[in-house]
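Please treat every number below as a calculation from the coordinates, not as lab data. The shown structure was predicted, so the numbers you read here are calculated from the model rather than taken from an experiment. We place every Cβ from the backbone using ideal geometry, glycine too, and count neighbours over all the protein chains shown.
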Amino acid sequence: MDVILVRHAIAEKRDASRWPEDALRPLTDHGRERFAPAARGITDLVERVDIVLASPYVRAWQTADILAEEAGWPEPDVCTELAAHAPVTDALVVLTRLPSDITVACIGHEPNMTILAQALVRPKDAHDLGWFKKGGAAHVRFSKGVVVGGGRLLWACTPKELRQLDA
């Protein structure tokens, strides 16, 4: 199984008067514009994606929509286990229940994306993982199904690196 982890793109600043529920906070126009070439850049690194799981938060969902449009990934499925502040262990359970012969993309938030990535990879790969920048991504490969600490980190890219692939 291949697991692609993506942090949502640049979102509006928290503002309780505009978005009383943080889950409703969207991407900025700038965030959408900056992420589109990064999404195209991912296609140089990822051959195919079979399933896209996205946090139900608007900003993660919008990021998944950009990936569908620009990278040709499937339309996202809601995955409440990827919501901000959801326990990372819940996302791990979801991943372990998926078929072992697929590529799944998970679109979520920090710090969960970094914590999830660190839980998935072999300890010797964990040192190559910094905090995910907004719009950053990583690719973890398992020889069979997902096993905590059993994945091999193939790459981790900042959004700038992904945009450069599109250039």
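None of Ala84, Ala91, Ala119 is within 13 Å of the chain's Cα centre (by Cα) and not in a loop (DSSP other than H, G, I, E, B) except Ala91. When every residue of the stretch 158-165 is checked against the conditions, none turns out to be of a type in the set (Ser, Thr, Tyr), farther than 18 Å from Asp50 by Cα and part of a helix (DSSP H, G or I).
Contact annotation: residue pairs with Cβ atoms under 7 Å, 6 or more positions apart or on different chains, pairing a residue in the stretch 16-27 that is among the basic types (Lys, Arg) with a partner that is outside any strand (DSSP E or B) and surrounded by 15 or more Cβ atoms within 10 Å (Cβ to Cβ), are Arg25/Glu12; Arg25/Trp19; Arg25/Val58; Arg25/Arg59. Determine whether Gln164 is under 24 Å from Thr43 (Cβ atoms) and loosely packed, with under 15 Cβ neighbours inside 10 Å. Answer is yes for this residue. Any idea which residue in the stretch 121-133 is farthest from Asp2 (Cα to Cα), counting only those that are surrounded by 15 or more Cβ atoms within 10 Å (Cβ to Cβ) and out of contact with any helix residue (DSSP H, G or I) (no Cβ under 7 Å at 6 or more places or on another chain)? Of everything passing the filter in the stretch 121-133, Asp125 is farthest from Asp2 (Cα to Cα).
Candidates Asp22, Asp101, Asp77: the one that is farther than 29 Å from Gly149 by Cα and out of contact with any Ser or Thr (no Cβ under 9 Å at 6 or more places or on another chain) is Asp22.
Contact annotation: residue pairs with Cβ atoms under 6 Å, 6 or more positions apart or on different chains, pairing a residue in the stretch 120-133 that is touching a residue at least 24 places away in the same chain (Cβ under 8 Å) with a partner that is in a loop (DSSP other than H, G, I, E, B) and surrounded by 15 or more Cβ atoms within 10 Å (Cβ to Cβ), are Phe132/Glu110; Lys133/Thr158.
Of note, Ile42 satisfies the criterion of being among the β-branched types (Val, Ile, Thr), in contact with a Leu (Cβ under 7 Å, 6 or more places away or on another chain) and closer than 22 Å to Trp131 by Cα.
For the stretch 46-67, a tally of residues being more than 16 Å from Ile10 (Cα to Cα) and surrounded by 17 or more Cβ atoms within 10 Å (Cβ to Cβ) returns 4. Looking at Ala105, is it under 14 Å from the mean Cα position of the chain (by Cα), in contact (Cβ under 8 Å) with a residue 24 or more places away in the chain, part of a helix (DSSP H, G or I) and buried (at least 23 other Cβ atoms within 10 Å of the Cβ)? The answer is no for Ala105.
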